[in-house]
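Step one of this worksheet: look at the structure below.
The values are calculated or read from the model by the stated rules, or taken from the named source; none is laboratory data. In this text the structure is predicted, and so the values were computed from the model without any measurement. Cβ placement follows ideal geometry from the backbone for every residue including glycine, while neighbour counts extend to all protein chains displayed. Keep in mind that these areas ignore ligands, DNA and RNA; they rest on the heavy atoms of the full protein, side chains included. Shrake-Rupley method; radii C 1.70, N 1.55, O 1.52, S 1.80 Å.
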Amino acid sequence: MLPNIDYRDLPRAAQRLMARSQTDEVVTLPRRSFLKLAGAGGLALGAFPHLAMAQAAGGQGTSALKPTEQPSAFVQIAANGEVTVTINRLEFGQGVQTALPMILAEELDADWSLVRSRHGSNDGAYIDPRFGIHLTGGSNSIKNSFTQYRELGARARAMLLAAAAARWKVDVATLRTQSGTVLGPDGRKLGYGELAQAAMALPVPEKVTLKDPKDFRIIGRPTSRLDARAKSSGQQSFGIDVRLPGQLTAVVARPPVFGARLASMDDAAARAVKGVKAVLRVPLDGGAEGVAIVADGYWQAMQGREAFKLQWDTSAVEKVDSEKQLAQYRELAARPGPRKFDADMAPLGTAPRQLEAEFVFPYLAHAAMEPLNCTVQLAEGRAEVWTGSQCPGLDGAAVARVLGLKPEQVTVHVQMAGGGFGRRFAASSDFVVEACEIAKAARAAGLNAPVRTLWSREDDMRGGYYRPMHLHRARIGFDERGKVLAWDHVIVGQSITTGTVFGGFQIKDGIDATATEGMRDPYPLPMRLTVHHPKLNVPVLWWRSVGSTHTAFVMETLIDEIARSTKQDPVAYRMDLFGHKHPRHRAALQMAVDNSGYGKVRLPAGRAFGVAVHESFQTVVAYVVEASVRDGRPVLHRVTAGVHCNLAVNPRTVEAQLQGAAVMGLSTCLPGSAITLKDGVVEQGNFDGFTVARMTDIPAFDVHIVPSAEPPTGMGEPGLPPLAPAFANAIAQLTGKPLRQLPFNIENKS
């Protein structure tokens, strides 16, 4: 996911940098042509998003609204009153396919039982209205599109009212709407489906009045997801399920070491496999080379891959070894380096109490349920792509570069994705570029058919772009009351934005901001923070909650340790540090404490409470957990959460997001949840070697949302960071010794 940075204050140059290679050309569609097409299809609103582009450009239209503000790109109303809302994000489990339609339907005053949802594309209407690029990341979907979708709904409603007023020849001020119907003062009524075509012919209002939140009837109510039935019944289609006429399937034989190339190949046996259509040498991400097997189906392609005799040349690439890497990081941590914070460390030597700690965090795979995939169809002067993309504009521009096309000649059909956690948004567009290289090579070999490139589970887990390995080292001096006098801290880990379009404004004075987010704040600590970013031959990327995956663990376990060592209650100690400057932190923590029984109930023997609170993506999540150690293995029994995300658009989704993020955080604690390398080769290839939480590991959850009417903040990621430290703090309460690495090592607690 994208880092926890507020981009509102970025200069325009930085925003242009983000969007440099993926500007969509405006396609103008004459108004008369649009209405003819819309009428023929029985639709009115939203059939052709490019009309919004034309109007915003001031071509045939007169509106000064941007494409992101035009209802025509987002709202489709059928004759039967069914409302289909196009979402400008990727749905991959976080619930935006329901929450965004809820926001729009609220202001449209739609009948929720008739609301449907669909994905958008790389069309310019579907950029993030704040960042100016196509983006699903950084827990920004609801936060950045809340006002946008409210205004879209309000504009569409105003157009429907105007159409009804014109038909009845009455003052529009005498009309009102209710659940998909326009009501007149004399009892007359018209359904939205009856008015949609006429409404589309009217000007789009630039200014609209939004509802008072007290009048919300959809926003804020626990609502079942629109995709729940399809997913629970196995009927939901994902990117991996795309089927086009004549489609072929490709798999790739990849080098064992990142960046390696092919030395020799005997493909006779592979070509002999029934159903194999072609064997193609193709360039891969990071300068590597691979061999694509194109076949009638996945099984035939995999059989062809198994039949290969390949030799790889790894002589020119670094072969990372995890044990040696840790030694290197420890040596780097002792060196001077760039500083994020630079408080005076003089009190460190004379502090009454001293604490020294080293933390180690491994590489982590994204391990989404749906492995990477991308389907490409080439035609003369055009390309269409079907994939679950977190940034279809960036990916579409990459497709254009690879295929020698213009961006407007590429259409990216965004598909439902079975998870992603940041992996479907790499600045290199690696898996999309790979699929295009294969499709291009297949076409050159005479295969004029769509090609679906599929990654196996092992391909996906060994395919790079991991959460970076990190080492933290801290020296803290504090007094008998727990007041920190000096905190000297070092972080060592790869930068995830170096060499990408984001590095220009994420890296300052040699420090990648994604590595340090979550450090120090909200605690008033005199900290000196030094950061080292070694370069290694392991591709890295944001992973759900980015830097907070490690910084929250370090901060919250050390704060807890100071409290315990000075015989203070961990909750009271945190509340004292918050003071009156962090009311949202106080509210979230108090909510979790009040509902957990902390300080009131006596836990069974062998169990302990653990506490942690952390802010990421402008949302505060506090956990109070109950845990034990059973046969040397940590066990999490119960999680009570206090969440401050401002207004919860769909409380049911907030609860689900928090549970999912917490379980993912739990996975990082369990033995075996690490990606390791030996002589440059990733040692884990499937879930037998890379641990994720199983059903038997899942605790009971009790989620409580702090009431608020303020505009919503992010929710996709904030539930992850505080889970591991709360769990670790409970274990430390039981054993008397802190845990300083993920996954937990109960046998070695130093």
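Quick check on segment 292-305. Is at least one of its residues farther than 19 Å from Thr375 by Cα and among the aliphatic types (A, V, I, L, M)? Checking segment 292-305: not a single residue is farther than 19 Å from Thr375 by Cα and among the aliphatic types (A, V, I, L, M).
If a residue must be within 24 Å of Tyr466 (Cβ to Cβ) and either in a loop (DSSP other than H, G, I, E, B) or of a type in the set (Lys, Arg) (or both), how many such residues does segment 325-360 contain? Residues that pass the stated criteria total 4.
Look at Thr350 and say whether it is open to solvent by 80 Å² or more (accessible area, probe 1.4 Å) and of a type in the set (Ser, Thr, Tyr). When the stated conditions are applied, Thr350 passes them. Taking the criterion of being open to solvent by 10 Å² or more (accessible area, probe 1.4 Å) and assigned to a strand (DSSP E or B), the residues of segment 290-324 that qualify are Lys309, Leu310, Gln311, Trp312, Asp313.
As a summary of the residue check, Ala327 satisfies the conditions (1) open to solvent by 70 Å² or more (accessible area, probe 1.4 Å); (2) without any contact (Cβ under 8 Å) to a residue 12 or more places away in the chain except for the one numbered (1). Does segment 732-745 contain any residue that is in a loop (DSSP other than H, G, I, E, B), out of contact with any Asp or Glu (no Cβ under 9 Å at 6 or more places or on another chain), within 30 Å of Pro539 (Cα to Cα) and at pLDDT below 95? Scanning segment 732-745, I find at least one residue that is in a loop (DSSP other than H, G, I, E, B), out of contact with any Asp or Glu (no Cβ under 9 Å at 6 or more places or on another chain), within 30 Å of Pro539 (Cα to Cα) and at pLDDT below 95, so the answer is yes.
The condition of being open to solvent by 10 Å² or more (accessible area, probe 1.4 Å), assigned to a helix (DSSP H, G or I) and aliphatic (A, V, I, L, M) holds for only one of Ala162, Ala99, that being Ala162.
Look at Ser232 and say whether it is touching a residue at least 60 places away in the same chain (Cβ under 8 Å) and among the polar types (S, T, N, Q). So Ser232 does not fit the description; no.
Going by what's in this entry, would Phe701 be described as touching a residue at least 40 places away in the same chain (Cβ under 8 Å), farther than 19 Å from Asn745 by Cα, in contact with a strand residue (DSSP E or B) (Cβ under 7 Å, 6 or more places away or on another chain) and aromatic (Phe, Trp, Tyr)? It is true that Phe701 is touching a residue at least 40 places away in the same chain (Cβ under 8 Å), farther than 19 Å from Asn745 by Cα, in contact with a strand residue (DSSP E or B) (Cβ under 7 Å, 6 or more places away or on another chain) and aromatic (Phe, Trp, Tyr).
Residues of segment 237-289 that are open to solvent by less than 10 Å² (accessible area, probe 1.4 Å), closer than 30 Å to Thr676 by Cα and in a helix (DSSP H, G or I): Gly239 alone.
Annotation: of all residues in segment 385-403 being touching a helix residue (DSSP H, G or I) at 6+ places or on another chain (Cβ under 9 Å) and outside any helix (DSSP H, G or I), the one that is surrounded by the fewest Cβ atoms within 10 Å (Cβ to Cβ) is Trp386. Here Thr174 fulfils each of the conditions (1) of a type in the set (S, T, N, Q); (2) in contact (Cβ under 8 Å) with a residue 40 or more places away in the chain; (3) farther than 21 Å from Ile77 by Cβ apart from (2). The single condition among (1) surrounded by 14 or more Cβ atoms within 10 Å (Cβ to Cβ); (2) of a type in the set (D, E, K, R); (3) farther than 30 Å from His413 by Cα that Glu370 does not satisfy is (3).
Suppose we filter segment 496-519 for residues that are at pLDDT 95 or above and among the small types (Gly, Ala, Ser); how many remain? Of the residues in that region, 4 qualify. Cβ separations smaller than 8 Å between residues 6+ apart or across chains give the following pairs from segment 633-648 residues that are of a type in the set (D, E, K, R) to residues that are assigned to a strand (DSSP E or B): Arg638/Val625; Arg638/Glu626; Arg638/Ala700; Arg638/Phe701; Arg638/Asp702. Evaluate segment 338-358: report whether one residue or more is under 30 Å from Phe421 (Cβ atoms) and among the β-branched types (Val, Ile, Thr). No, the conditions are met nowhere in segment 338-358. Per the conditions (1) in contact (Cβ under 8 Å) with a residue 24 or more places away in the chain; (2) open to solvent by less than 30 Å² (accessible area, probe 1.4 Å); (3) within 23 Å of the chain's Cα centre (by Cα), the sole criterion not satisfied by Asn144 is (1). Of all residues in segment 664-702, those being surrounded by fewer than 21 Cβ atoms within 10 Å (Cβ to Cβ) and in a helix (DSSP H, G or I) number 3.
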